[in-house]
1. Would you say E57 is touching a Leu at 6+ places or on another chain (Cβ under 8 Å) and within 27 Å of G130 (Cα to Cα)?
2. Could you tell me which residue of region 250-286 is surrounded by the most Cβ atoms within 10 Å (Cβ to Cβ), considering only residues that are free of Cβ contacts under 8 Å to residues at least 24 places away in the same chain and not in a helix (DSSP H, G or I)?
3. Quick one: I85 ticks every box in (1) in a strand (DSSP E or B); (2) outside the structural domain of A148 (by TED's automatic domain parsing) bar one, so which box is it?
4. Looking at E238, is it out of contact with any Leu (no Cβ under 6 Å at 6 or more places or on another chain), exposed (fewer than 14 other Cβ atoms within 10 Å of the Cβ) and part of a helix (DSSP H, G or I)?
5. Given the criteria buried (at least 17 other Cβ atoms within 10 Å of the Cβ), among the charged types (D, E, K, R) and closer than 27 Å to N281 by Cα, does E188 qualify?
6. Considering only region 100-170, give the strands (runs of 3 or more DSSP E) lying wholly within it that have at least 1 residues that are over 30 Å from T82 (Cβ atoms) and out of contact with any Cys (no Cβ under 9 Å at 6 or more places or on another chain).
7. Give me the pairs: first residue in region 98-120 and farther than 16 Å from L170 by Cβ, second residue outside any helix (DSSP H, G or I) and among the small types (G, A, S), beta-carbon distance under 7 Å, and six or more apart or on different chains, which are they?
Amino acid sequence: MLLPKNSGINEGMGAEIAKLKDSFSGAEFAEFRAEDIPALVERLCAQGINAYGITGEDLLVEYALKNKGNLKIIKRIGWDDTSSIFGKPALCLLGPENKRLEDFNGLVRVGINKKYERLSENYVEKLRRGGLNVETIAFNGNTEQGVAQGMADLCIEIVCTGKQMKECGLAVYEKVFESGLVLIGAREKADGFDLNSLYEIIEKRKSENSGASFTRRLFGDKDFLLDKIAEESNELIEAAKENRRGKIVWETADVLYFVSVLLSANGIMLDEVWNELKRRNYENEKNKIKLG
């Protein structure tokens, strides 16, 4: 069992971690930085060791966005910290307390913590789609100071008590990702064939030296690949218009195959797509709560 040694986590959640630790009596315990635990658990499980870990859900999602992981959440650990603004840590968009997001135009520099790089970049894409011209600046921490010192206009950072944020004259503009603690372990491999299996086969074809396969041809000719995606997408639309169920299944399979090749060619893991869908679902659920 890998336990987080981060002081902030242990101050807020020490009692809950201790309870969970008691339920793993007889296990060997080791402490690591919470951000390192997902990779370490996966590495140990790959070696045949029955390993588990406790980390932040934000850190797990960040890991999943960067890696083709085989981890799952076994249990969410309730986090109710009265000293935290939101009762638990939350990744937030921060800006000067005397302004609003709507006040920014032109080029907007957004500082992001490298620890939450992919989560932040996905959120920044949302800002761009909303019309903002955003440039990101990566920091190893102290992103609030980056804004206070004029190196960035806004920043995306974890907020707990908000002390650092207030000292820098910043306020929360929007919550990006609310996090808690999670118990994680290895995901059991599903039997049979699925999209991950397809992606793995495509990845193997990419690394093969032989150029004889159709998949290798797609990797070698980007225009051909894009033409195939356009062609099969149009055929899927036609199948839908004709209400031909069998053809819809056939054409959908073609589209999924060619899109999977496109993802692989660009170094994008399927988990990145799934986590983006998860993030959008989180946004939708959050908006439902706001609307009441």
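The values are calculated or read from the model by the stated rules, or taken from the named source; none is laboratory data. Treat the numbers as computed from the prediction; the structure is a model and nothing was measured. In this analysis, Cβ positions are derived from the backbone assuming ideal geometry, glycine residues included, and neighbour counts consider all displayed protein chains.
1. Values: touching a Leu at 6+ places or on another chain (Cβ under 8 Å): yes; within 27 Å of G130 (Cα to Cα): yes.
So E57 passes the test.
2. I268
3. Status for I85: all satisfied but (1).
4. Working: out of contact with any Leu (no Cβ under 6 Å at 6 or more places or on another chain): yes; exposed (fewer than 14 other Cβ atoms within 10 Å of the Cβ): yes; part of a helix (DSSP H, G or I): yes.
Here the answer is yes, as E238 does meet what is asked.
5. Details: buried (at least 17 other Cβ atoms within 10 Å of the Cβ): no; among the charged types (D, E, K, R): yes; closer than 27 Å to N281 by Cα: yes.
Criteria not met by E188.
6. Details: elements: 107-113, 133-139, 154-159.
Fully inside region 100-170 and qualifying: 107-113, 133-139.
7. K114/A138; E117/A138
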